[in-house]
Amino acid sequence: MKKFNKKHLLFLIPVGILEIILLVLECLPNGIEMEFKWPIDENSTIFASRTEYYSYFSDMPYGYGNIAPIFIGILTIAIIILWLVNLFLDKRGINIAIFTLTMIKLILTCVEFIFSQTWVNWTVFAIATVCAIYEIAKVIVNKEFSKKYDKDEYFNDHTENNVADDTIS
């Protein structure tokens, strides 16, 4: 059995749990609010309206030009897959990819929150809040990690980039 990545395990477990909770929120049928309006009769200026709710993975919002939710859902699945890989592998590139994808997801969620005009939609607000909390926590953890470990520990002492060991002969 493979060993877990214990270096960041205290940070990885809450991130994974939050991403799984976000995936559940995105799969719920009340994630996106869409309001449909139509005239009552052909010469009327009075419109009837009906509000319907859809999941983030539904084709209906995408078909009406609201493309942010489907990309937010895809990014959530990609982050969960990278998180699972990061549990077993200790690669800095995976951490950077998770951070970058979460930042893109935060931007798309804020765009969805601002331009959808659904201020009462708690799902979009919850996703934006959790993404913002993750980004702030990740920046704090990265700063503490860089203070704890010296920058030179990332590099091997016997690499060709080490100029201190090179002598002119």
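The values are calculated or read from the model by the stated rules, or taken from the named source; none is laboratory data. Computed from a predicted model, the values in this text were never measured in an experiment. Note that each Cβ is placed from the backbone with ideal geometry, even for glycine, and that neighbours are counted across all protein chains shown. These accessible areas exclude ligands, DNA and RNA; they are computed on the full protein's heavy atoms, side chains included. Shrake-Rupley method; radii C 1.70, N 1.55, O 1.52, S 1.80 Å.
Could you go through region 96-103 and let me know if any residue there is part of a helix (DSSP H, G or I), surrounded by 12 or more Cβ atoms within 10 Å (Cβ to Cβ), in contact with a Cys (Cβ under 9 Å, 6 or more places away or on another chain) and modelled with pLDDT of 85 or more.
Checked region 96-103: at least one residue is part of a helix (DSSP H, G or I), surrounded by 12 or more Cβ atoms within 10 Å (Cβ to Cβ), in contact with a Cys (Cβ under 9 Å, 6 or more places away or on another chain) and modelled with pLDDT of 85 or more.
Would you check if ALA48 is at pLDDT 85 or above, assigned to a strand (DSSP E or B) and open to solvent by less than 70 Å² (accessible area, probe 1.4 Å)? Outline the logic, then answer.
Working: at pLDDT 85 or above: yes; assigned to a strand (DSSP E or B): yes; open to solvent by less than 70 Å² (accessible area, probe 1.4 Å): yes.
Yes; evaluated as a whole, the condition is true for this residue.
Return the only residue of ALA68, ALA48, ALA97 being small (Gly, Ala, Ser) and within 25 Å of ILE140 (Cα to Cα).
None of the others qualify; the one that does is ALA97.
Given the conditions (1) modelled with pLDDT of 70 or more; (2) surrounded by 15 or more Cβ atoms within 10 Å (Cβ to Cβ), and given that ASN121 satisfies all but one, which numbered condition is not satisfied?
With respect to (1) modelled with pLDDT of 70 or more; (2) surrounded by 15 or more Cβ atoms within 10 Å (Cβ to Cβ), ASN121 is out only on (1).
Yes or no: region 8-20 includes at least one residue that is in contact with a helix residue (DSSP H, G or I) (Cβ under 6 Å, 6 or more places away or on another chain), touching a residue at least 12 places away in the same chain (Cβ under 8 Å), open to solvent by 30 Å² or more (accessible area, probe 1.4 Å) and assigned to a helix (DSSP H, G or I).
yes
Quick one: GLU153 ticks every box in (1) among the charged types (D, E, K, R); (2) at pLDDT 80 or above; (3) farther than 30 Å from THR51 by Cβ bar one, so which box is it?
Condition not satisfied by GLU153: (2).
May I ask you to verify whether ASP90 is among the acidic types (Asp, Glu), open to solvent by 70 Å² or more (accessible area, probe 1.4 Å) and out of contact with any His (no Cβ under 9 Å at 6 or more places or on another chain)?
On the way: among the acidic types (Asp, Glu): yes; open to solvent by 70 Å² or more (accessible area, probe 1.4 Å): yes; out of contact with any His (no Cβ under 9 Å at 6 or more places or on another chain): no.
Answer is no for this residue.
Taking region 72-100 only, how many residues are closer than 20 Å to PHE113 by Cα and touching a Leu at 6+ places or on another chain (Cβ under 6 Å)?
Selection size over region 72-100: 3.
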